[in-house]
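J.: Dropping a structure here in structure tokens format, bear with me for questions.
The values are calculated or read from the model by the stated rules, or taken from the named source; none is laboratory data. Note that this is a predicted model, so its numbers are computed, not measured. Note that each Cβ is placed from the backbone with ideal geometry, even for glycine, and that neighbours are counted across all protein chains shown. Protein only, heavy atoms only, side chains kept; ligands, DNA and RNA dropped before computing areas. Shrake-Rupley method; radii C 1.70, N 1.55, O 1.52, S 1.80 Å.
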Amino acid sequence: HKAASRTMQDLIVGSTVAVVWAMLTVADAAMIYVMDPVSSLGRQAWKAIRRRKVIEPPKKVLVLGSSFAGLTIRNELHGDEFDVTLVDRKDYFEYTPGILRCVVQPNKAEELCAKIQPPRNGRFVKGEVWSVGTNSAQIRIGDSELQDMPFDYCVIAIGSEYRAPWKTGPGAASLEERAASWEGERARLEQAKSVIIIGAGLVGVELAGEVAAACPGKVVTLVDRAAGVCEGMPAKARNHVQQWLKRMGVRMVLGRSLRSFDDKGCELDDGTSLQADLVFPCLGVKASGGGLHGSLGEAADAGGAIRVDGCLQVEGRPGVFAVGDVMRHASAELKMGHTAEMNAHVVAHSIRNMARGLPPLAYPEALAGKGMPTPRIACISLGPVRCRYFDVLIYVMF
């Protein structure tokens, strides 16, 4: 009896397997016919499946500027959802925080600069932004007339302006031109026996360190109206920098305002005149929003900064964002390369959200948490010492 029962069970299982196998074979044959790229029906079905994730045309994203923030947007908004156009007047990226080394070591620029690579899902345009509207921007490419570039979303990441040679100007639109400019600065430094550096902020202090370490025979004078170097930094950091500069023989004239300066010296508020063979001004940073020719209206202030709301959107223009040095946000965070990247990271996610019908993210809450500011971190290089070693100061201030 048990043997007959087992035989019946085996028969039922075998029959079931045979039926399922036959059904799968029929289904497989049907799929081969439908999916066969050679047949007309198969090609249509195949294309439809490949396009299943992109129902609508890709959103046009226009990124103005290709430094820390602009490249972060380029890297994060990849994929078929977006058509990204990256615009900059120069065709290379320059690592600004390390660029002061090029005054004493021009070939260092080869390590700090790289050609801009176009987005995987878009293009790079070498041109200069002229104006930004609500859904298009005007770009001048070479000597041509202004060209309209439409967008669904625009990210203004055009940074800030600073005195040459610390930031690139119109005369350094290519890597070759930029390299030539550093060779020129090095030649001027070699010919000078004395140097005045005006401004004892981060740029002035780092430059003083570079020159004092690389050219120990030169007289280096650092001038600033502030009572100490690196105003705004924690006291321990300021003291460390000041003592290091003293050990390197840098003369510091602090707490004295300037009446004027030129390429041979400066005059202080009490009439004292300081003379040198070479003068490096390290002051006067300014947001680049003024170069948009009033197209943003009241969103751009008199100093060139672009006011943004809590989501880094330009006031009154929800499809336009501003990030990095060019924008002014209620957080009043430090203007650094890494903070520009944090701005861009949040904006990239906001654009993805908005493209899917979701709200943009709040800044800096989306990164730091509710009620928390972004970390205030800075790294100061005080020049190369003992050949391969660096005296570097890192401070964190919350």
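Each row is one residue, and each column tells you yes or no for (1) at positive phi; (2) over 29 Å from the mean Cα position of the chain (by Cα); (3) open to solvent by 10 Å² or more (accessible area, probe 1.4 Å); (4) in contact (Cβ under 8 Å) with a residue 12 or more places away in the chain.
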site	(1), (2), (3), (4)
A173	no, no, yes, yes
S181	no, no, yes, yes
Q191	no, yes, yes, yes
I197	no, no, no, yes
L202	no, no, yes, yes
V220	no, yes, no, yes
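J.: Then there is this: Note down all Cβ pairs under 7 Å where the first residue falls in the range 258-277 and is free of Cβ contacts under 8 Å to residues at least 60 places away in the same chain and of a type in the set (A, V, I, L, M), the second is part of a strand (DSSP E or B) and open to solvent by 70 Å² or more (accessible area, probe 1.4 Å), and they're at least six residues apart or on different chains.
T.: Once the first residue is free of Cβ contacts under 8 Å to residues at least 60 places away in the same chain and of a type in the set (A, V, I, L, M) and sits in the range 258-277, its partners that are part of a strand (DSSP E or B) and open to solvent by 70 Å² or more (accessible area, probe 1.4 Å) give L268/R259.
Yes or no, residue by residue, for (1) among the charged types (D, E, K, R); (2) farther than 14 Å from G204 by Cβ; (3) out of contact with any strand residue (DSSP E or B) (no Cβ under 9 Å at 6 or more places or on another chain); (4) buried (at least 17 other Cβ atoms within 10 Å of the Cβ):
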{"residue": "R247", "(1), (2), (3), (4)": "yes, yes, yes, no"}
{"residue": "G255", "(1), (2), (3), (4)": "no, yes, no, no"}
{"residue": "D269", "(1), (2), (3), (4)": "yes, yes, no, no"}
{"residue": "L274", "(1), (2), (3), (4)": "no, yes, no, yes"}
{"residue": "V279", "(1), (2), (3), (4)": "no, no, no, yes"}
{"residue": "L283", "(1), (2), (3), (4)": "no, no, no, yes"}
{"residue": "G289", "(1), (2), (3), (4)": "no, yes, no, yes"}
{"residue": "L296", "(1), (2), (3), (4)": "no, yes, no, yes"}
{"residue": "A300", "(1), (2), (3), (4)": "no, yes, no, yes"}
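J.: Do any residues in the range 118-132 that are within 13 Å of L146 (Cβ to Cβ) have Cβ atoms under 6 Å from those of residues that are at pLDDT 95 or above and open to solvent by 30 Å² or more (accessible area, probe 1.4 Å), where the two are at least six apart or on different chains, and which pairs are they?
T.: So the pair list comes out as W130/Q138; S131/Q138.
J.: Scan (1) touching a Pro at 6+ places or on another chain (Cβ under 8 Å); (2) open to solvent by less than 70 Å² (accessible area, probe 1.4 Å); (3) at pLDDT below 85 for the single condition V385 breaks and write down its number.
T.: Every listed condition holds for V385 apart from (1).
J.: Also, quick follow-up: Which number in (1) open to solvent by 50 Å² or more (accessible area, probe 1.4 Å); (2) under 21 Å from F68 (Cβ atoms); (3) at pLDDT 95 or above marks the one condition that K335 misses?
T.: Just one mismatch for K335, condition (3).
J.: Among the candidates L358, L367, single out the residue that is closer than 26 Å to E81 by Cβ and crowded, with 16+ Cβ neighbours inside 10 Å.
T.: L367
J.: Additional query: Only one residue in C311, C282 is of a type outside the set (S, T, N, Q) and in contact with a Pro (Cβ under 8 Å, 6 or more places away or on another chain). Which one?
T.: Only one candidate passes the filter, namely C311.
J.: While we're on this one: Tell me, yes or no, whether the range 279-287 has at least one residue that is among the hydrophobic types (A, V, I, L, M, F, W, C), touching a helix residue (DSSP H, G or I) at 6+ places or on another chain (Cβ under 8 Å) and outside any loop (DSSP other than H, G, I, E, B).
T.: Yes: the range 279-287 contains one or more residues that are among the hydrophobic types (A, V, I, L, M, F, W, C), touching a helix residue (DSSP H, G or I) at 6+ places or on another chain (Cβ under 8 Å) and outside any loop (DSSP other than H, G, I, E, B).
J.: Kindly list, by first and then second residue, each pair from a residue in the range 69-91 that is within 19 Å of A137 (Cα to Cα) and polar (S, T, N, Q) to a residue that is open to solvent by 30 Å² or more (accessible area, probe 1.4 Å) and outside any helix (DSSP H, G or I), limited to pairs with Cβ atoms under 8 Å and residues at least 6 apart or on different chains.
T.: Short answer, once both residue conditions are applied: T85/K60; T85/G122; T85/R123; T85/F124.
J.: Now for a different question. Name the residue, out of Q138, Q147, that is closer than 30 Å to P359 by Cα, assigned to a strand (DSSP E or B), at pLDDT 90 or above and open to solvent by 30 Å² or more (accessible area, probe 1.4 Å).
T.: Q138
J.: Still on this structure: Could you tell me which residue of the range 167-201 is farthest from Q243 (Cα to Cα), considering only residues that are touching a Pro at 6+ places or on another chain (Cβ under 9 Å) and assigned to a loop (DSSP other than H, G, I, E, B)?
T.: Within the range 167-201, the match that is farthest from Q243 (Cα to Cα) is A172.
J.: Tell me which residues, restricted to the range 299-333, are free of Cβ contacts under 8 Å to residues at least 60 places away in the same chain, in contact with a Lys or Arg (Cβ under 9 Å, 6 or more places away or on another chain) and under 13 Å from V347 (Cα atoms).
T.: Selection gives V308 alone.
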